[in-house]
Amino acid sequence: MNNIKVIAFDADDTLWVNEPYFREAEDKFCALLEDYLPLHSVAAELFKIEIRNLPLYGYGIKGFMLSMIETILEVTEGTASLEMISKAIEFGKEQLNKPIELLEGVETVLEALKGEYRLVVATKGDLLDQERKLQKSGLEKYFHHIEIMSDKQEKDYLKLLKHLDCKPEDFLMIGNSLKSDVLPVLQIGGNAVHVPYHTTWAHEVVENNVAHENFSAITSIDEILNILKK
């Protein structure tokens, strides 16, 4: 990794806590519909509708809210009360107003790397929500560029690299998702480091092991400092 010039960080569950808030909202939502279906069946129905809606709404809390409402209508066959719809909206708004909890070691790493590399946030999700979270986090001062992407596929990374005027071999992506943060970056000739988080959305889970000369796996984000010094 001696040639690295740009280091990009995923945001949710890499820089700060995110997925546990979705799980918390999902648990409350499933309980809302337990008179109609078992909890696990409600969760499966919600997930199916979320995936179906991704091309329309993209990633983020607002899309999740709309999918909850649609799930209510489908599970109750259109008989749901307005109070139930209101509850789903309330669950989403609670998520939008959650405090930002930085993951351990994040600010130490950013402080150590600032000035040595161009640091970038490369995350997907709702533009307004991600901008709000970044502002609340207090981390904006560390980053040269913020890229909020509708998706994280090879074409999306190539677009980012073109904007940054950076060659793939000079680029390092750090994130918790093998599917979004690692595999597409390796495919375009970049470098990637996986920092697993204890809970991951089912849509982001991939089963295969990654074996690639440009790939590293670490258990905590501060280990990246040792890798970069090699």
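The values are calculated or read from the model by the stated rules, or taken from the named source; none is laboratory data. If you're wondering where the values come from, they're calculated on a predicted model, not measured in any experiment. Don't worry about glycine lacking a Cβ; one is built from the backbone with ideal geometry, like all the others, and counts go over all protein chains shown. SASA here: full protein model, heavy atoms, side chains in, ligands and nucleic acids out. Shrake-Rupley method; radii C 1.70, N 1.55, O 1.52, S 1.80 Å.
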Summed over the other residues with a beta carbon less than 12 angstrom from that of G63, with K and R at +1 and D and E at -1, the charge totals -1
Scalar couplings 3J(HN,Hα) for region 49-61 by Karplus 6.51 cos²θ - 1.76 cosθ + 1.60 (θ = phi - 60°), nearest whole Hz, x for Gly and Pro, are 6, 4, 5, 4, 8, 3, x, 8, 9, x, 9, x, 5
For the chain, longest principal axis from Cα atoms; helix 82-96 axis from its Cα atoms; angle between them, nearest 10 degrees, is 20
Cα-Cα pairs in the chain separated by more than 21 Å, as a whole percent of all pairs, come to 57
So the FRET efficiency between H145 and F215, C-beta based with R0 = 25 Å and rounded to 0.05, is 0.60
Note to self: with every protein chain in place and a 1.4 Å probe, the chain gives an accessible area per residue in Å² of 51
Carbon plus sulfur, as percent of the 1.4 Å-probe accessible area of the chain, comes to 50
Averaging 1/r across every pair of distinct alpha carbons in region 131-171 and inverting yields a Kirkwood hydrodynamic radius, in angstrom, of 11.7
Full extension between E94 and R23 adds, at 0.36 nm per residue less the Cα distance, a length in nm of 24.3 nm
With x for Gly and Pro, the residue-by-residue ³J(HN,Hα) of region 133-144, computed from phi through the Karplus equation 6.51 cos²θ - 1.76 cosθ + 1.60 at θ = phi - 60° and given in whole Hz, is 5, 5, 5, 5, 5, x, 9, 3, 4, 8, 10, 6
Simple spin-label estimate for H163/K136, 7 Å along Cα→Cβ, in nm, reads 2.3
Of the residues L96, M84, M149, the Cα lying farthest along the dipole of region 69-181 towards its positive end, which is defined by charges on the beta carbon of Lys, Arg, Asp and Glu, belongs to M149
Taking Cα atoms only, Rg over Rh for region 12-60 with Rh from the Kirkwood formula is 1.04
Taking the square root of 5λ for each eigenvalue of the C-alpha gyration tensor of region 51-145, the equivalent ellipsoid has semi-axes, largest first and in whole angstrom, of 36, 14, 9
